[in-house]
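The values are calculated or read from the model by the stated rules, or taken from the named source; none is laboratory data. Fair warning: this is a prediction, and the values are worked out from it, not measured in the lab. Neighbour counts run over all protein chains shown; Cβ positions are idealised from the backbone, glycine included.
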Amino acid sequence: MAEVTLRIGGRAHTVACRDGGEADLEALGRRLDAHAQTASRAAGGQSGERTMLYIALLLADELAEAERAPGTGPSSAALARIAERLESIAAGIEDGLEDHRASA
């Protein structure tokens, strides 16, 4: 299993992925980072965890918008793959937070 370090909102998050999936995961990380500044403002400068929640909400809004306008966005199969990847990333981040808290 490979590991990728994603930089989102100026913070490093190491996430495990299947071998060969590094480039895809890095691209997803860049997409998350693109929303980080807006999410941080929305979170009022609170915790990184709260900022990640707002990033997830921004992405969920994009997905919902794409679902409301069929034919203009990704296919439902692509949306399902994106949702699975986001869940995997979220689980990896949660594991990283738990590891960080345990070592602190």
* To do: For residue 72, work out the one condition from (1) part of a helix (DSSP H, G or I); (2) at pLDDT below 80 it doesn't fulfil.
  => (1)
* Just give me the residues in region 33-52 being surrounded by fewer than 16 Cβ atoms within 10 Å (Cβ to Cβ), outside any loop (DSSP other than H, G, I, E, B) and not hydroxyl-bearing (Ser, Thr, Tyr), in sequence order. => 34, 37, 41, 49, 50
* **Verdict on residue 7 being in contact with a helix residue (DSSP H, G or I) (Cβ under 9 Å, 6 or more places away or on another chain), of a type in the set (Lys, Arg) and surrounded by fewer than 16 Cβ atoms within 10 Å (Cβ to Cβ)** => yes
* **Checklist (1) at pLDDT 75 or above; (2) out of contact with any Lys or Arg (no Cβ under 9 Å at 6 or more places or on another chain) applied to residue 33, failing item** => (2)
* State all residues of region 18-32 that are exposed (fewer than 11 other Cβ atoms within 10 Å of the Cβ) and farther than 15 Å from residue 82 by Cα; if no residue qualifies, say none. => 19, 20
